[in-house]
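The values are calculated or read from the model by the stated rules, or taken from the named source; none is laboratory data. All values reported here derive from a predicted model rather than from experimental measurement. Positions of Cβ are generated from backbone atoms using ideal geometry, with glycine treated the same way; all protein chains shown enter the neighbour counts. For the accessible areas, the whole protein counts, side chains as well, though only heavy atoms, and no ligand, DNA or RNA atoms are used. Shrake-Rupley method; radii C 1.70, N 1.55, O 1.52, S 1.80 Å.
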Amino acid sequence: MSDDAIPPTIEWRDGRIVMIDQRRLPGELVMLWIENLDELCTAITSLAIRGAPALGVAGAMGIALAAATGIPLEDAARRLIATRPTAVNLAWAVRLAVAAPDPLVEAQRLVTEDIERNRRIGTHGAALLPNSARVYTHCNAGGLACAGYGTAVGVIRAAHEQGMTPSVWVGETRPVLQGARLTAWELTRLRIPATLVADVMAGSLMAAGEVDCVIVGADRVAANGDVANKVGTYTLAVLARHHGVPFYVAAPTSTIDLACPDGATIPIERRGAEEVTGLAGRRIAPEGMLVDNRAFDVTPAALVTALITEDGAVDPASLASS
Ligand code: MRU
């Protein structure tokens, strides 16, 4: 592996799960070895691994771990699915692994399938970009959020691989800074030109005509095309509409949940106050301050220019009729 190569986000090795510990990036690239279900649930809730497709693979491997350690699969499934409620890929993959004759084979199939799907998303998405697109992205929808390659970052990556010259505005993504820590790290390793900005700068960039499109990932897409993604996504979609900037959502079809009729029925995870009252391990707000920490928001389908899946780019509002 070259110095800049990004190791697999998650894999199965010698009866254990090995994952990049995303809490330690960008300072240290350290692998976390998971031996049992308790460790896996802690790794997921503490964001050592995160991002909808990566959570799916982790969930499926968790079922393989449960099978190997004698834990009833239904108990393991319930515990895993409860760790992060918004990303539907988690429950989807856990259910596939429980139903499979061999959960480990199924988990490994999901890894291969996710990377293939992301490459196809990349090809479809790159076709929508101008040659030197200045893309704004939020949170991390890169290889770290998936089995590999990435969804929103995958589109930028595909454009770059095709010889186009995209550049990226990376929104830092408060409160836990997936943009500043993870997307910035990935793009640097991929040698794709990228500029980090505070989330609050998005509007002025668009007003200055310096954003050609916004591309984000998704944690769940409802049947009517509404999209749940990292909190702050909705704000970007409103800004993009105001400024006439295309707003794309890149996600595999495994993120579409036809059981949720609309965005209002998507469960939104609420996380601990310390993510907001602290920054890089330091307290930044007074003790006792009330905090509301919704980890995701919902962007109405009407604000999404196109949903880019492995099958192509579609108007998300057309999902219900397809
Ligand atoms: O809380 P996180 O870091 O798991 O949130 C991740 C996101 O919101 C991503 O944009 C989404 O999961 C898509 S990842 C391809």
task = May I ask you to derive the FRET efficiency for Thr253 and Arg283 from their Cβ-Cβ distance with R0 = 35 Å, giving the value to the nearest 0.05?
result = 0.25
message = Using C-alpha positions alone, give me the convex hull volume of segment 247-296 per residue in cubic angstrom.
response = 148 Å³
inquiry  = Give me the 1.4 Å probe accessible area per residue for the chain, excluding ligands and nucleic acids, in Å².
reply    = 40 Å²
task = Could you tell me what percent of the accessible area of the chain is made up of carbon and sulfur, with a 1.4 Å probe and every protein chain present?
result = 56 percent
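So which GluC sites (Glu not before Pro) in segment 33-88 pass both tests, a DSSP loop state and at most 14 other Cβ atoms within 10 Å of the Cβ?
Numbers: sites: Glu35, Glu39, Glu74; in loops: Glu35.
Of the GluC sites (Glu not before Pro), the ones in loops of segment 33-88 whose Cβ has at most 14 other Cβ atoms within 10 Å are Glu35.
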ask   = Given labels modelled 7 Å from the Cα in the Cβ direction, how far is it in nm from Glu35 to Ala207?
value = 5.6 nm
ask   = Beyond 22 Å, what share of the Cα-Cα pairs of segment 228-319 remains, rounded to the nearest whole percent?
value = 41 percent
ask   = How large is Rg over Rh for segment 3-115, taking Rg from the Cα atoms and Rh as the Kirkwood inverse mean of 1/r across Cα pairs?
value = 0.94
task = Could you tell me whether segment 124-321 comes out rounded, prolate or oblate from its Cα gyration tensor? Rule is a ≥ b ≥ c as square roots of the eigenvalues, rounded for a/c under 1.5, then prolate if a/b exceeds b/c, otherwise oblate.
result = oblate
ask   = Just for the Cα atoms in segment 64-192, what are the lengths along the principal axes, largest first, rounded to whole Å?
value = 52, 31, 22
request  = Under 1.5 on a/c is rounded, so check that first for segment 140-226, then, if it is not, pick prolate when a/b is larger than b/c and oblate when it is not; a ≥ b ≥ c are the square roots of the alpha carbon gyration tensor eigenvalues.
outcome  = rounded
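With r as the distance between the Cβ atoms of Arg270 and Thr42 and R0 = 25 Å, compute the FRET efficiency 1/(1 + (r/R0)^6) and round to 0.05.
So the FRET efficiency works out to roughly 0.85.
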message = Please report the antiparallel percentage of DSSP beta bridges with both residues in the chain, rounded to the nearest 5.
response = 55 percent
request  = Please report, largest first and rounded to whole Å, the three semi-axes of the ellipsoid equivalent to segment 192-282, where each semi-axis is the square root of five times an eigenvalue of the C-alpha gyration tensor.
outcome  = 24, 21, 12
request  = Describe numerically, in nm with one decimal, the distance between label points set 7 Å from Cα along Cα→Cβ at Asp292 and at Leu196.
outcome  = 2.9 nm
